[in-house]
Amino acid sequence: MIDFVGRRRIYAVISLLLIIPSLIGLALWQFEAGLDFAGGLETEVRFLGDTDLDAVTEAVNGIEGAPESATINVIEGEDGSFVVSATLSPPSLDDGFAVADLIGNTIGTELPASVSLDLEVEESAVRSEFWFPGNVSQDEVRSALETVGLGGARIQATADSAFRLRVEQPSDGDLEGLRQRINESLRSEVGPIVVLQSSSVSGTLSVEIARDAGVALAVAAVAILIYISLAFRRLPNPMLYGAAAIVALMHDVTIVAGVFAIGGRFADLEVNAMFITALLAIIGYSVNDTIVVFDRIRENLLLDPREDFRRVVNSAITQSLGRSLNTSITVVLALLALLLIGGVTIRPFVIVLFIGTVAGTYSSIAVASQIVFLWQDGTLPKLLRMRGERRVVRRVERQA
């Protein structure tokens, strides 16, 4: 059996090394508020190149090795795309896949880099849709926005010639007019664009979202405290287990918040509604892992109430360690894959889950369980009484 309790000072040092920088980051930089909390307009656009219908048609007509049954033509699609279609007579699924490969290889070889939007292969028809992104830099985008007084906009490259733009809400509150000004400026100063997505939140709504998010976190904490206290009512000091779980929870939330405060300053990490969603998920995960350890403590105490409490806690952590690590490692591997190959849009959400999962597994062993032991051992109450006595002495000296 591993002596986890004997390493509590090491845990305390590790937690301080994590929490102190987090608190410093929160004090110095706070959060980089996303659209949901700051209000304003967020739009993602892709710039298109100068590839025209004639160039695509010429490339496709030069395909060699196409089945004689295939008739290929090109038309302009929506939002600046090009649709290459082929009809097969007589129908043949093998010929259809062969034609699709030839179209893709020819466009990839003869024309500038393209983005495939859609591919449909049937026995009698093949349909392939492409975009041809332009070659646009972030400086060009910023220069275009400066012409309409939006030089302070946040610009983030998301893919080939695609950019996400964040602009604060104008003083007149006309978000639709702001969207039109941005699109017109980009088209006239840089080139043709396709709006991939666009969303806006008014300042009033963003205040309501921030308030509701705070209420949701507070309600979750109170509900957890009540539930754990009721679940462990057969043990002495059932409120202690609820309070220890909340302290561990605040430990995890502080670390996540600190990472986002520091990341917002140096890596453009934003706090939005998805951040709160991920934080609530982490709260549930962290408390679940803590309850597993507490449940083993309860079972061990009920089996032998006279057992040394230090041994009870060590035994409980050891018994639940395999389950906790297996669950956490599985989740972390899945999140790591999302972090490496997932899109930019979900990255903040995945970062919260990743950090929270690791911190939650650690805190159930190194924070919540140690608080319960220190309280039952009498160390924590003694420290609190000493602090209380010191405050009283200072107050009496001042009055004198």
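The values are calculated or read from the model by the stated rules, or taken from the named source; none is laboratory data. Here the structure is a predicted model, which means the values were calculated and not measured. Backbone-built Cβ (ideal geometry, glycine too); neighbour counts: all protein chains shown. Areas reflect the complete protein model, heavy atoms only, side chains present, ligands, DNA and RNA absent. Shrake-Rupley method; radii C 1.70, N 1.55, O 1.52, S 1.80 Å.
If you project the alpha carbons of the chain onto the principal axes, what extent comes out on each, in Å, largest first?
Projected onto its principal axes, the Cα set of the chain covers 93, 55, 31 Å.
What Kirkwood hydrodynamic radius, in Å, does the range 1-137 give when the mean of 1/r is taken over all pairs of distinct Cα atoms and then inverted?
19.7 Å is the Kirkwood radius here.
At 7 Å along the Cα-to-beta-carbon direction for both L17 and V222, put a label point, then send me their distance in nm to one decimal.
It is 3.8 nm.
In deg cm²/dmol, rounded to 500, what helix-only [θ] at 222 nm does the chain give when every DSSP H run of at least 4 residues adds -39500 (n - 2.57) and the total is split over its residues?
My calculation for the chain gives -21000 deg cm²/dmol from helical runs alone.
Give me, ordered by chain and number, the residues 5 or more places off A125 or on other chains with an amide H under 5 Å from its own placed amide H.
It is L88, by chain and number.
Report the gain in length on full extension from L336 to E122: 0.36 nm times residue separation, minus Cα-Cα distance, nm rounded to one decimal.
Extra length available between L336 and E122 comes to 73.4 nm.
When you take every Cα atom in the range 1-48, what is the radius of gyration, and what is Dmax, the widest Cα pair distance, in Å?
Radius of gyration, then largest Cα-Cα span, for the range 1-48: 20.7, 64 Å.
PRE reach from Q156 (point 7 Å along Cα→Cβ): which of the range 260-292 fall under 19 Å by backbone N?
Of the residues in the range 260-292, 260-280 have backbone N under 19 Å from the label point off Q156.
By how many nm would the segment from I329 to L93 grow when fully extended, if each residue of separation counts as 0.36 nm and the alpha-carbon distance is taken off?
80.6 nm
Using Cα-Cα distances under 8 Å and only pairs 6 or more residues apart, what relative contact order does the range 190-286 have, in percent?
22 percent
Relative contact order, percent, of the range 147-246 when contacts are C-alpha pairs under 8 Å separated by at least 6 residues?
Relative contact order of the range 147-246: 15 percent.
Using a/c under 1.5 as the rounded threshold, could you call the range 102-249 rounded, prolate or oblate? The axes a ≥ b ≥ c are square roots of the C-alpha gyration tensor eigenvalues, and prolate needs a/b larger than b/c, oblate otherwise.
oblate
What is the packing order of peptides 258-270, 140-152, taking the mean over residues of other C-beta atoms within 10 Å and listing the highest first?
Going by the mean number of other Cβ atoms within 10 Å, highest first, we get 258-270, 140-152.
Averaged per residue, what accessible area in Å² does the range 154-308 show with a 1.4 Å probe, protein chains only?
Counting only protein heavy atoms, the per-residue value for the range 154-308 is 49 Å².
Which order do the peptides 93-99, 221-227 come out in when sorted by mean C-beta neighbours inside 10 angstrom, highest first?
93-99, 221-227
At what distance in nm do the modelled label points of D172 and D212 sit from each other, each positioned 7 Å from its Cα along Cα→Cβ?
2.9 nm
Can you work out the base-10 log of I(q)/I(0) for the range 322-366 at q = 0.19, 0.29, 0.31 1/Å, using the Debye formula on its C-alpha atoms alone?
Summing over Cα pairs of the range 322-366 leads to -0.56, -0.99, -1.07.
Work out how much length R142 to D295 would gain on full extension: take 0.36 nm times their residue separation and subtract the Cα-Cα distance, in nm to one decimal.
Extra length from R142 to D295 when fully extended: 49.4 nm.
What angle do you read, to the nearest 10 degrees and between 0 and 90, between the alpha-carbon axis of helix 238-266 and the longest principal axis of the chain?
40 degrees
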